[in-house]
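The values are calculated or read from the model by the stated rules, or taken from the named source; none is laboratory data. No experiment lies behind these values; they were computed from the predicted model shown. We place every Cβ from the backbone using ideal geometry, glycine too, and count neighbours over all the protein chains shown.
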Amino acid sequence: MGISRRKFLGTSAAAVIVAGTRAKGKVFGANDRIRVCVVGFNGQGGSHIDNIMEQPDAEVVALCDVDSRVLARGAAMMKRKQDKTPKTYVDVRDVMADADIDAISTATPNHWHSLITVWACQAGKDVYVEKPLSHSVWEGRQVAAAAEKYGRIVMHGTQSRSNPTLIRDIGLMHKGFIGEIVHSRGYVYKNGNRMAIGHGASADVPDYLNWPLWQGPAQEKPYLVNADASTPRGLLVHYNWHWVWEYGNGEIGNQGVHEMDIACWGHNRGLPVKISSTGGRYKWDDDGETPNTQATQFTYADGSMMTFEVRNLGSFQEADGGDCGNSFFGTEGYYVRGRGFFDYKNKPIQVDEPEPAGLPKFAHFFKAIRSRNPEDVTAPALAGHLSCVHCHIGNIAYRIGHTLDFDPATETFVNNDAANALIKRSYREGFEVPQVA
């Protein structure tokens with residue numbers, strides 16, 4: 001299990017003091033590379049490794065994963081590519097205690113994202129945290145507060161805020177290019193590996209997996225294999241945890257959060273005051289809990305609205321184009337991501353403003369680490385938190401089963417104890433997300 005919780009809390013307290021002295025940032029020289037540990041890399045984290053290795057001013061010096069097979073494969077791959085073996089860790093608390101690591105990128109399951117990020121901020125490390133930034137409303141607010149309190153760079157991995165076209169076009173919308181935005185729409189119609197996951201049966205934990213650490217902040221549960229498979233394999237590890245509330249946030253918090261982040265960015269109204277969400281897990285007979293079909297509506301204090309749709313059973317090519325997208329409807333025209341601006345006679349509106357110079361997402365991250373300038377963070381923690389709140393409260397409205405009123409100031413539901421009970425999870429002892437806000 002690595003260092004004990006008692007030892008970690010001791011080293012973490014010292015690290016917070018160090019963080020105070022490092023808040024203005026380490027002074028990096030021209031050839032001084034930012035040293036990164038990638039935490040959780042069986043899926044999206046693998047692209048983190050590749051993307052970081054492409055940057056001239058940073059290097060992956062360590063890897064962390066609770067699956068020893070994944071860890072061994074990653075270390076061997078990096079040895080082949082750079083002729084240098086990275087440090088390897090199973091327990092992320094050991095990463096926090098390593099003073100030779102400047103930054104962390106993490107692509108663990110959702111239920112770990114906030115805890116890793118807050119711990120890293122306390123330990124004086126900057127963080128690129130994969131989407132969604134949080135598993136719940138409450139813990140996302142702690143991430144945003146930790147980034148500010150400890151003076152750390154925290155960048156949310158929704159990617160599109162580094163896109164030069166979207167930076168320009170959403171900037172134009174904010175200036176009134178198509179009038180006042182009154183309705184925004186996001187959608188995700190993924191299928192592919194979004195299929196029935198089967199039924200689980202308790203089984204012995206494989207010797208390569210540290211199951212207690214994989215569960216982390218979640219309540220301890222038996223390890224499950226897919227009883228419907230001809231060869232039993234893990235039911236939830238390494239991907240299908242997305243569809244179980246204890247670990248994931250469904251499709252709206254998986255691929256959907258990418259489009260939700262763009263929708264919130266463009267709509268630019270903060271948090272809503274009313275939410276409704278309906279749908280279900282249709283056709284599939286399995287142990288998945290999250291909806292494969294979901295329609296959600298958010299209403300804001302000024303009366304504007306945003307709609308978001310999930311469909312995993314399959315789809316056709318929408319008018320917006322593709323299986324994921326966004327549209328924004330203003331009083332003077334509309335915008336379709338990937339197609340541009342139009343008036344209400346469907347005539348394209350010419351854009352004369354040039355796009356800003358583009359940088360890859362990790363180049364933005366490393367630039368911000370060096371400058372310590374919050375303006376260099378294209379997807380900051382607070383913006384990520386607000387986008388994730390939309391996903392979380394949409395799911396809560398779905399689970400409660402009726403329209404909910406929401407108070408943006410307190411980030412709680414109005415007069416609804418059942419809904420507010422889902423704002424914050426019950427943490428496993430030793431893995432509580434620290435209260436910072």
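State whether the residues of region 325-332 include one that is loosely packed, with under 14 Cβ neighbours inside 10 Å, at pLDDT below 95 and small (Gly, Ala, Ser). No: zero hits. Might you let me know whether region 217-234 holds any residue that is within 19 Å of the chain's Cα centre (by Cα), closer than 20 Å to residue 385 by Cβ and buried (at least 17 other Cβ atoms within 10 Å of the Cβ)? Yes. When 357, 368, 383 are screened for being out of contact with any helix residue (DSSP H, G or I) (no Cβ under 6 Å at 6 or more places or on another chain), of a type in the set (Gly, Ala, Ser), surrounded by 15 or more Cβ atoms within 10 Å (Cβ to Cβ) and touching a residue at least 24 places away in the same chain (Cβ under 8 Å), only 383 passes. Residues of region 340-347 include at least one that is in contact with a strand residue (DSSP E or B) (Cβ under 7 Å, 6 or more places away or on another chain), within 30 Å of residue 303 (Cα to Cα) and buried (at least 21 other Cβ atoms within 10 Å of the Cβ). Take the residues in region 32-57 that are assigned to a strand (DSSP E or B) and in contact with an Asp or Glu (Cβ under 8 Å, 6 or more places away or on another chain); name whichever of them is nearest to residue 239 (Cα to Cα). So, considering only residues that are assigned to a strand (DSSP E or B) and in contact with an Asp or Glu (Cβ under 8 Å, 6 or more places away or on another chain), the one nearest to residue 239 (Cα to Cα) is 39. For region 82-103, filtered to residues that are closer than 19 Å to residue 72 by Cα and part of a strand (DSSP E or B), the residue that is farthest from the chain's Cα centre (by Cα) is 87. Only one of the listed residues (168, 141) is in contact with a Pro (Cβ under 9 Å, 6 or more places away or on another chain) and in contact (Cβ under 8 Å) with a residue 12 or more places away in the chain. That residue is 168.
Among the conditions (1) under 30 Å from residue 382 (Cβ atoms); (2) at pLDDT below 95; (3) β-branched (Val, Ile, Thr), the only one that residue 143 does not satisfy is (2).
Quick check on residue 275: is it within 23 Å of the chain's Cα centre (by Cα), more than 30 Å from residue 350 (Cβ to Cβ), aliphatic (A, V, I, L, M) and not in a loop (DSSP other than H, G, I, E, B)?
Values: within 23 Å of the chain's Cα centre (by Cα): yes; more than 30 Å from residue 350 (Cβ to Cβ): yes; aliphatic (A, V, I, L, M): yes; not in a loop (DSSP other than H, G, I, E, B): yes.
For residue 275, the condition - within 23 Å of the chain's Cα centre (by Cα), more than 30 Å from residue 350 (Cβ to Cβ), aliphatic (A, V, I, L, M) and not in a loop (DSSP other than H, G, I, E, B) - is met.
On the stretch given as region 285-322, residues that are at pLDDT 95 or above and in a loop (DSSP other than H, G, I, E, B) total 13.
Any chance region 259-279 includes a residue that's of a type outside the set (S, T, N, Q), over 21 Å from residue 385 (Cα atoms) and free of Cβ contacts under 8 Å to residues at least 60 places away in the same chain?
Checking region 259-279: not a single residue is of a type outside the set (S, T, N, Q), over 21 Å from residue 385 (Cα atoms) and free of Cβ contacts under 8 Å to residues at least 60 places away in the same chain.
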